[in-house]
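A.B. asks: If you scroll down you'll find the structure; I have some questions about it.
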Amino acid sequence: SSAASAASPAGQKVAAKLDTGGEPVTVVCFGDSVTGLYYHSGGRRAYTDMLGIGLQQASPKARVKTINAGLSGHTTRDALKRIQRDVLAHRPTLVTVMFGLNDMTRVPLEEYHSNLVAIVEQCRAAAAEVVLCTPNSVISTAGRPAEKLVQYCEVVRRVAREQSVVVCDSFNAFEAVRKRDPLTWRLMMSDEIHPNMAGHKLIAEAITRTITGKTVS
């Protein structure tokens, strides 16, 4: 794994709160079935839980609460309908946002862009920091061709640049494993699109590094 880098600017405030351990830090992970469904990861923990463990490793004094706000089949369109109830009502310190695998099948790129902007704006209006996550890479199928997913990931990165939001590039983290060792990558997948527990650990490690600048395992 790469050496620890400095925490991202958006993560610095959160990292400082984690390190001092004074006030509790609430992290809401907002997403679709990759976030919300536990059976792909073996039914006990998904990356939201592993992220809590990772943040605790990175900052032993931290008082961390992680909340899973993932719902199967959801797009950014659905996300905006439930953001108040499922995310902002928890008064989060930080919101991680990972949508795209369903958007690419039914939400056009431009709407995906504007929906992500609206999610960022609403989180910030509620005084929450935001980490935008690209979705994990997938086994290319007719319904979700890999080339199309690349376009949706590029929109996530573009919104991040335009809104000065930090990105956790899950897609690139998975692709780096695939380039190095295709079998290891395949063994991190439960099916064509959902990571299994090994994949969820990779996502949690990547988000932890994005927030804290520290590498955990």
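The values are calculated or read from the model by the stated rules, or taken from the named source; none is laboratory data. Values in this document were obtained by computation on a predicted structure and should not be read as measured data. No Cβ is skipped: glycine too gets one built from the backbone with ideal geometry, and neighbour counts run over all protein chains shown. Ligands, DNA and RNA are excluded from the accessible area calculation, which covers all protein heavy atoms including side chains. Shrake-Rupley method; radii C 1.70, N 1.55, O 1.52, S 1.80 Å.
A.B. asks: Only one of VAL166, VAL177 is closer than 24 Å to PRO108 by Cα and either touching an Asp or Glu at 6+ places or on another chain (Cβ under 8 Å) or of a type outside the set (Lys, Arg) (or both); which?
C.D. replies: So the residue among VAL166, VAL177 that is closer than 24 Å to PRO108 by Cα and either touching an Asp or Glu at 6+ places or on another chain (Cβ under 8 Å) or of a type outside the set (Lys, Arg) (or both) is VAL166.
A.B. asks: Does the range 41-51 include one or more residues that are touching a Leu at 6+ places or on another chain (Cβ under 8 Å), outside any loop (DSSP other than H, G, I, E, B) and surrounded by 18 or more Cβ atoms within 10 Å (Cβ to Cβ)?
C.D. replies: Our first condition is that a residue be touching a Leu at 6+ places or on another chain (Cβ under 8 Å); within the range 41-51, this holds for 46.
Cutting the leftovers down to outside any loop (DSSP other than H, G, I, E, B) gives us none.
Scanning the range 41-51, I find no residue that is touching a Leu at 6+ places or on another chain (Cβ under 8 Å), outside any loop (DSSP other than H, G, I, E, B) and surrounded by 18 or more Cβ atoms within 10 Å (Cβ to Cβ), so the answer is no.
A.B. asks: Looking at (1) free of Cβ contacts under 8 Å to residues at least 60 places away in the same chain; (2) assigned to a helix (DSSP H, G or I); (3) closer than 21 Å to TYR47 by Cα, which one does GLY199 not meet, given that it meets all the others?
C.D. replies: Condition (1) is where GLY199 drops out.
A.B. asks: While we're on this one: List the number of the failed condition for ASN68; all other conditions in (1) within 12 Å of THR26 (Cα to Cα); (2) open to solvent by 40 Å² or more (accessible area, probe 1.4 Å); (3) in a helix (DSSP H, G or I) hold.
C.D. replies: Failed condition: (3).
A.B. asks: Right, something else. May I ask you to list pairs of residues, at least six apart or on different chains, whose Cβ atoms are under 6 Å apart, with the first in the range 160-187 being farther than 20 Å from GLU121 by Cα and the second being part of a helix (DSSP H, G or I) and open to solvent by 40 Å² or more (accessible area, probe 1.4 Å)?
C.D. replies: VAL177/THR184; TRP185/ARG178
A.B. asks: Pick from ALA79, ALA89: which is open to solvent by less than 10 Å² (accessible area, probe 1.4 Å), modelled with pLDDT of 95 or more, of a type in the set (Gly, Ala, Ser) and not in a strand (DSSP E or B)? Lay out the reasoning, then the answer.
C.D. replies: On the way: ALA89 fails: open to solvent by less than 10 Å² (accessible area, probe 1.4 Å).
When all the criteria are applied, what remains is ALA79.
A.B. asks: What is the residue count in the range 116-147 for residues that are of a type in the set (A, V, I, L, M, F, W, C), on the phi < 0 side of the Ramachandran plot and either assigned to a loop (DSSP other than H, G, I, E, B) or modelled with pLDDT under 95 (or both)?
C.D. replies: Taking the range 116-147 as the starting set, the residues that turn out to be of a type in the set (A, V, I, L, M, F, W, C) are 116-120, 123, 125-128, 130-133, 138-139, 142, 146.
Within this subset, residues satisfying the condition of being on the phi < 0 side of the Ramachandran plot are 116-120, 123, 125-126, 128, 130-133, 138-139, 142, 146.
The next check asks that each one be either assigned to a loop (DSSP other than H, G, I, E, B) or modelled with pLDDT under 95 (or both); those that pass are 126, 128, 138-139, 142, 146.
Going through the range 116-147 one residue at a time, the tally reaches 6.
A.B. asks: I would also like to ask the following. Which members of the range 153-164 meet the condition of being small (Gly, Ala, Ser) and either open to solvent by 70 Å² or more (accessible area, probe 1.4 Å) or at pLDDT below 95 (or both)? Walk me through how you get there before you give the answer.
C.D. replies: Let us first name the residues in the range 153-164 that are small (Gly, Ala, Ser), namely 160, 164.
SER164, the sole residue that qualifies.
A.B. asks: Take ILE203 and decide whether it is of a type outside the set (Phe, Trp, Tyr), crowded, with 21+ Cβ neighbours inside 10 Å, within 20 Å of LEU149 (Cα to Cα) and under 17 Å from the mean Cα position of the chain (by Cα).
C.D. replies: Values: of a type outside the set (Phe, Trp, Tyr): yes; crowded, with 21+ Cβ neighbours inside 10 Å: yes; within 20 Å of LEU149 (Cα to Cα): yes; under 17 Å from the mean Cα position of the chain (by Cα): yes.
Yes: the conditions hold for ILE203.
A.B. asks: If you check SER190 against the conditions, is it surrounded by 16 or more Cβ atoms within 10 Å (Cβ to Cβ) and either of a type in the set (A, V, I, L, M, F, W, C) or within 30 Å of ALA62 (Cα to Cα) (or both)?
C.D. replies: Details: surrounded by 16 or more Cβ atoms within 10 Å (Cβ to Cβ): yes; either of a type in the set (A, V, I, L, M, F, W, C) or within 30 Å of ALA62 (Cα to Cα) (or both): no.
No, not satisfied.
A.B. asks: On the given criteria, is ILE67 within 19 Å of THR210 (Cβ to Cβ) and either under 17 Å from the mean Cα position of the chain (by Cα) or modelled with pLDDT of 90 or more (or both)? If you could, list the steps in order and put the result at the bottom.
C.D. replies: Details: within 19 Å of THR210 (Cβ to Cβ): yes; either under 17 Å from the mean Cα position of the chain (by Cα) or modelled with pLDDT of 90 or more (or both): yes.
It is true that ILE67 is within 19 Å of THR210 (Cβ to Cβ) and either under 17 Å from the mean Cα position of the chain (by Cα) or modelled with pLDDT of 90 or more (or both).
A.B. asks: Looking at the range 1-40 only, could you name the residues that are of a type in the set (Val, Ile, Thr), in a helix (DSSP H, G or I) and modelled with pLDDT of 90 or more?
C.D. replies: Here is the first cut: in the range 1-40, the ones of a type in the set (Val, Ile, Thr) are 14, 20, 25-28, 34-35.
When the remaining residues are screened for being in a helix (DSSP H, G or I), the result is 14, 20, 34-35.
Listed by number, the residues that qualify are VAL34, THR35.
A.B. asks: Listed residues VAL216, VAL150, VAL177, VAL167; which is in a helix (DSSP H, G or I) and open to solvent by less than 50 Å² (accessible area, probe 1.4 Å)? Please lay out each step first, then the result.
C.D. replies: Values: VAL216 fails: in a helix (DSSP H, G or I); VAL150 fails: open to solvent by less than 50 Å² (accessible area, probe 1.4 Å); VAL167 fails: in a helix (DSSP H, G or I).
Checking each option against the conditions leaves just VAL177.
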